[in-house]
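I have placed the structure first, in the form of structure tokens, so that the comments after it can refer back to it.
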Amino acid sequence: MSIRTNYEKWYEGDEYYWGTEPGSFCDELISLCPPSSDKKVLDIGCGEGKDAIYMAQQGYDVSAFDLTDNGIRKTLRLAAEKGVSINAYVDDINTFSLDEQFDIIYSTGTVQYLFDENKEAFFKKLEKMTKPDGIVFINVFVEKSFLELPPDWDKEEKMWKPGELFTFFADWKVERIDEVIFEDNSGGVLHYHCMDTIICRKVVS
Ligand SMILES: C[S@@+](CC[C@H](N)C(=O)[O-])C[C@H]1O[C@@H](n2cnc3c(N)ncnc32)[C@H](O)[C@@H]1O
């Protein structure tokens, strides 16, 4: 079992650390690429599966991976509880390899675990794995001189530079791009995050 991050411990219990409600970005993705059983979705760093299960419930064919064994165990449990089937497995954002293409690829709250030396290769992989007209959604935590490092920041996590994420998508059609600062009370200590987000479409001319 991998113990590179704190999540193995946080996901141990029966309750869902992140809850079971999907992120609001899921409905944005659904409206940009409406579901059907032949449309494939990939969730990179699926946690305990709240978003992946929601996407499967909409009718997509969903694959999802996460480094944390307990996250995948809980993802499969949630899928069974909700009566959907998904392909969920343990893998690493730094080294994974997939020889297939997806209509939607997303990663939320996870890309800060990508090592610097793997960034270029990761975004090339994403480009290759996205079908023509397919959608990618990524968000990253970015550093701001006026914000302190969050109290529960892992030793493996790495802040990105503001705007850095967007530079990897110069040739894509941007559907939404933004940077927001928000409050977080995880771990019982109020703190702030700054996050860059992009949703974009692969245009093949
Ligand atoms: C902030 S959580 C987000 C989880 C999920 N996307 C969600 O929104 O509920 C970050 C996730 O990244 C996963 N993670 C950490 N390092 C990883 C790696 N190298 N490869 C894949 N997943 C990783 C953790 O196990 C954790 O589930």
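The values are calculated or read from the model by the stated rules, or taken from the named source; none is laboratory data. Fair warning: this is a prediction, and the values are worked out from it, not measured in the lab. Note: ideal-geometry Cβ built from the backbone for every residue, glycine included; neighbour counts use all protein chains shown. Just the protein is used for accessible areas: all its heavy atoms, side chains included, with ligands, DNA and RNA removed. Shrake-Rupley method; radii C 1.70, N 1.55, O 1.52, S 1.80 Å.
5 Å is the cut-off here: which amide hydrogens, built 1.01 Å from N in the peptide plane, fall below it relative to GLY134, excluding neighbours closer than 5 in sequence?
Close amide H contacts, sequence-distant or interchain: LYS202.
With just the Cα atoms of the range 7-201, tell me how far they stretch along each of the three principal axes, in Å, largest first.
The principal-axis extents, from largest down, are 46, 43, 29 Å.
First select every other residue whose beta carbon is under 11 angstrom from the beta carbon of ILE135; then total the charges, Lys and Arg +1, Asp and Glu -1. Intermediate values should be presented prior to the final figure.
Details: positive: LYS39, LYS131, LYS173, ARG176, ARG201, LYS202; negative: GLU28, ASP103, ASP133, GLU175.
Around ILE135, the charge tally is +2.
First compute the accessible area of the range 7-201 with a 1.4 Å probe, then give the percent of it belonging to carbon and sulfur atoms. Spell out each step's value before the answer.
Numbers: 4640 of 9130 Å².
Whole-percent figure for carbon plus sulfur exposure: 51.
Under the rule of at least 5 residues apart or a separate chain, name every residue whose amide H is placed under 5 Å from the amide H of TRP160.
For TRP160, the qualifying residues are PHE141, VAL142, GLU143.
With 18 Å as the limit, write out which pairs from LYS173/LYS202; LYS50/LYS119; LYS9/LYS119; LYS119/LYS161; LYS125/LYS202; LYS39/LYS128 have Cα-Cα distances beyond it, or answer none.
Result: LYS50/LYS119; LYS9/LYS119 exceed 18 Å.
What list of ³J(HN,Hα) values in whole Hz, one per residue of the range 88-94 in order, does the Karplus curve 6.51 cos²θ - 1.76 cosθ + 1.60 (θ = phi - 60°) give from phi, with Gly and Pro shown as x?
Those phi angles translate into 10, 7, 7, 7, 10, 4, 6 Hz.
Excluding HIS191 itself, calculate the net charge of residues whose Cβ lies under 13 Å from the Cβ of HIS191, where each Lys or Arg counts +1 and each Asp or Glu counts -1. Don't skip to the end; give the middle numbers.
Values: positive: LYS144; negative: GLU148, ASP152, GLU183, ASP184.
Net charge around HIS191: -3.
Anyone know which of GLY19, GLY47, GLY187 comes out most mobile in the 10 Å Cα GNM of the chain?
For the chain, modelled as a Gaussian network with Cα springs under 10 Å, the answer is GLY187.
Tell me, what HN-Hα J-couplings in whole Hz come from the Karplus equation 6.51 cos²θ - 1.76 cosθ + 1.60 at θ = phi - 60° for each residue of the range 61-67, using x for Gly and Pro?
With the stated coefficients, the range 61-67 comes to 8, 10, 10, 8, 9, 7, 5 Hz.
With a 1.4 Å probe and every protein chain left in place, work out the accessible area per residue of the chain in Å², rounded to a whole number.
Values: 9950 Å² over 205 residues.
I get 49 Å² per residue for the chain.
If you take every DSSP beta bridge fully contained in the chain, what fraction is antiparallel? Give it as a percent rounded to 5. Write down the numbers at each step before the final one.
Numbers: 18 of 36 bridges.
So the antiparallel bridges in the chain amount to around 50 percent.
Net charge around GLU21, counting only other residues with Cβ within less than 11 Å of its Cβ (Lys, Arg = +1; Asp, Glu = -1)?
Values: positive: LYS50; negative: ASP51.
Charge balance near GLU21 sits at 0.
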